[in-house]
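The structure under discussion appears below in the form of structure tokens.
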Amino acid sequence: MEADFKKTVRYIVSVALAGLLLYASFRGVEWSDFASGLKECRWWFLLMSMFAGAAAFMLRGFRWRHLLSPLSDGEIRRIDCYDAVTIGNVSNMVFPFLGEFVRCGLVSRKQKIRYDKVLGTVALERVWDMLSVAVLFMILFVFTWVRFGAFFTERIWIPLTSRFTWVVWLILAIILVTGCMILYAIVRYRGNNPLLRKLHDAFAGLYQGFGSVIRMDRKWMFMIETALIWAMYWLQIVFLTHAFPAAAGMGVVDALFIMLAGSIASFVPVPGGFGAYHYLVALSLSSLYGFSWQMGIVFATIAHESQALTMIITGAASFLRQSLKKNE
């Protein structure tokens, strides 16, 4: 009962945060301009953007399979990994980060791999994606600092870090020290306590899953698929700039910056990035490209909701396919 209460509270907080961000994003928007912006959209390019998003999901499933293979004695099918990724995407729209646990459960049950090991591979994926974003940001800023660096520093980084008062740093330090003490207790006294022994086994499984990148075959294919995943996300925005007449002057480098600015929303604990994505993309477009705020919101809304629709379509198809398999 207490666990259900905590989950409910977390869900309410995350939904409230998403609502607050959506309110901040859409406040002051002229809905007549919003509607006219939608009418001007070139829908063929929007469909191409959605296809690029679906391709990214497919590549994510294929890349994840490389990490899972060293943990399984049997053959891991690509379609099962893809289905787990797309079903997880839909779950993330309900509750932030829920999809990572859902897809781990689907693969763990089907492939008979310990859940904690599968979860370790997902944690590794997240770290790898964060490194990919950091590398792309560095490449972009090295060559285009005059244009994008000042905006990112003044409008995103400084406002974000300025909220880190000494109280926040103290809380983080307490959490770090407490975590280290708990880990020490688990390792030191695991032989004397059944609960600590179970926790130790779970952390050991996570570690094995996290280290699967060292044992996997065809590491070069993992790297290529990672590059292709981010290329598909980039193509999504490139196609959207062609779909949206007001963005006609934007080039491929501009599309890369918008993609990276929007990717920051994935670290905000709100369902499906609602609100956070809209705000960051609209802020980038209005500050750098002279968009009115409502036109920036139209672009962000089209980008986000087309991605959400792609997630729903691919996730529903995967859920149906997995359900039919169970009934065979």
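Yes or no, residue by residue, for (1) assigned to a helix (DSSP H, G or I); (2) among the small types (Gly, Ala, Ser); (3) within 21 Å of ARG114 (Cα to Cα); (4) modelled with pLDDT under 70:
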position	(1), (2), (3), (4)
ILE156	yes, no, no, yes
TRP169	yes, no, no, no
ALA173	yes, yes, no, no
LEU176	yes, no, no, no
ILE182	yes, no, no, no
ILE186	yes, no, yes, no
LEU199	yes, no, yes, yes
**Prompt:** Does the range 88-99 hold any residues that are in a helix (DSSP H, G or I) and crowded, with 17+ Cβ neighbours inside 10 Å, and which are they?
**Reply:** GLY88, ASN89, VAL90, SER91, ASN92, MET93, LEU98, GLY99
**Request:** Specify the residue that is farthest from ARG78 (Cα to Cα); the eligible residues are those in the range 101-110 that are crowded, with 19+ Cβ neighbours inside 10 Å and touching a residue at least 24 places away in the same chain (Cβ under 8 Å).
**Result:** LEU106
**Request:** Considering only the range 70-87, state which residues are assigned to a helix (DSSP H, G or I) and closer than 21 Å to LEU320 by Cβ.
**Result:** ARG78, ILE79, ASP80, CYS81, TYR82, ASP83, ALA84, VAL85, THR86, ILE87
**Message:** Where the second residue is modelled with pLDDT under 80 and polar (S, T, N, Q) and the first is within 17 Å of LEU256 (Cβ to Cβ) and lies in the range 282-302, which pairs have Cβ atoms under 8 Å and are six or more apart or on separate chains?
**Reply:** ALA300/SER25
**Prompt:** Which one of LEU21, LEU46, LEU17, LEU68 is hydrophobic (A, V, I, L, M, F, W, C), at pLDDT below 90, surrounded by 17 or more Cβ atoms within 10 Å (Cβ to Cβ) and more than 29 Å from LEU285 (Cβ to Cβ)?
**Reply:** LEU68
**Complete:** Of the residues in the range 247-263, those that are touching a residue at least 60 places away in the same chain (Cβ under 8 Å) and surrounded by fewer than 19 Cβ atoms within 10 Å (Cβ to Cβ) come to VAL253
**Asked** From the list GLY120, GLY149, GLY105, which residue is touching a Leu at 6+ places or on another chain (Cβ under 8 Å) and either assigned to a helix (DSSP H, G or I) or modelled with pLDDT of 80 or more (or both)?
**Response** GLY120
**Item:** Selection count, the range 108-117, where residues are farther than 17 Å from ILE214 by Cβ, assigned to a helix (DSSP H, G or I) and at pLDDT below 85
**Value:** 5
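The values are calculated or read from the model by the stated rules, or taken from the named source; none is laboratory data. Fair warning: this is a prediction, and the values are worked out from it, not measured in the lab. Counting neighbours? That spans all protein chains shown, and the Cβs are built from the backbone with ideal geometry, glycine included.
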